[in-house]
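The values are calculated or read from the model by the stated rules, or taken from the named source; none is laboratory data. Model, not experiment: these values are computed from the prediction. Here the Cβ positions follow ideal geometry from the backbone for every residue, glycine too, while neighbour counts run over all protein chains shown.
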Amino acid sequence: MAAKVKYITDIAQLDLDGHYTYADYLTWRFEEMVELIKGKVFRMSPGPSVVHQQISGNLQGLMFEYFKTKACWLFTAPFDVRFPAKKEEETDNVVQPDICVICEQSKLDQQGCNGAPDWIIEILSPGNTKKEMKYKFDLYEEQGVKEYWLINPENKSLLMYTLNDHAKYIGSRPYTNEDKVSPGLFPNLELDLEQVFDTLEF
């Protein structure tokens, strides 16, 4: 008889200095959203701000028309992306990018994406800057995410990173709301950053 799964219903039951895997992650039933990076639990920011949500929505709207006719899939958070280990039970990286594009259907399953998306966009929020700019940067580079964009709502800027032939990220100059940009992977997709950063003023 199979052992009964023990669910964790309160994040306080976790040792936040401990090491966890995707198998552990699947037993968590608390409301707080978390990510796993190299087995370490990272709390996600409280509910995204209005500006964060508007930027995400603006991007989705601009990207939707382009990708609906392409053999690639556009997903937005909450959406689990797992980076597999040599043994499935050892997988200890599970993240929820704000926006990701996946062009290999074989990576998609009922749980989300199992493998590196082609393109990830993260929108910075107060409290998650170090995670996005350090830990996720290193993880995405290591796992072969071909293109990584970091958006800073505070100063309305965008940094673009693309993998070079040595599997290292090469960064762009900062782009602002005065620029129009295209991802290296999809040069025919032009995004007007003035429209991306068209948000309420607070």
For a quick check of your reading of the model, give me the residue pairs whose first member lies in the stretch 20-40 and is under 15 Å from K87 (Cα atoms), whose second is among the small types (G, A, S) and assigned to a loop (DSSP other than H, G, I, E, B), with beta-carbon atoms closer than 6 Å and at least 6 apart or on different chains. Y20/G39
Of these, Y66, Y25, Y7, which one is over 16 Å from the mean Cα position of the chain (by Cα) and either surrounded by 17 or more Cβ atoms within 10 Å (Cβ to Cβ) or not hydroxyl-bearing (S, T, Y) (or both)? Y25
So for the stretch 49-64 (the condition being touching a Phe, Trp or Tyr at 6+ places or on another chain (Cβ under 8 Å), modelled with pLDDT of 95 or more and within 21 Å of K146 (Cα to Cα)), does at least one residue qualify? no
Across the stretch 48-92, the tally of residues that are under 23 Å from S157 (Cβ atoms) and of a type outside the set (S, T, Y) stands at 16
Among E178, E132, which is the only one that is under 22 Å from G18 (Cα atoms) and either modelled with pLDDT of 95 or more or buried (at least 20 other Cβ atoms within 10 Å of the Cβ) (or both)? E132
Reported set for the stretch 61-82 where residues are among the charged types (D, E, K, R), within 21 Å of K38 (Cβ to Cβ) and outside any strand (DSSP E or B) is D80
List the number of the failed condition for K107; all other conditions in (1) of a type in the set (D, E, K, R); (2) crowded, with 16+ Cβ neighbours inside 10 Å; (3) in contact (Cβ under 8 Å) with a residue 12 or more places away in the chain hold. (3)
Quick one: count up the residues across the stretch 160-175 that are surrounded by 12 or more Cβ atoms within 10 Å (Cβ to Cβ), in contact with a helix residue (DSSP H, G or I) (Cβ under 9 Å, 6 or more places away or on another chain) and not hydroxyl-bearing (S, T, Y). 1
Output the number of residues of the stretch 3-19 satisfying the condition of being free of Cβ contacts under 8 Å to residues at least 24 places away in the same chain and closer than 17 Å to K131 by Cα. 1
L159, sole failed condition from (1) within 20 Å of I37 (Cα to Cα); (2) assigned to a strand (DSSP E or B): (1)
Residue in the stretch 164-175 that is of a type in the set (S, T, Y) and over 26 Å from A71 (Cα atoms) present: yes
Going through V34, V101, V81 one at a time, which residue ends up being among the β-branched types (V, I, T), in contact with an Asp or Glu (Cβ under 6 Å, 6 or more places away or on another chain) and farther than 28 Å from E201 by Cβ? V101
Of all residues in the stretch 140-155, which are under 11 Å from the mean Cα position of the chain (by Cα) and assigned to a helix (DSSP H, G or I)? Y140
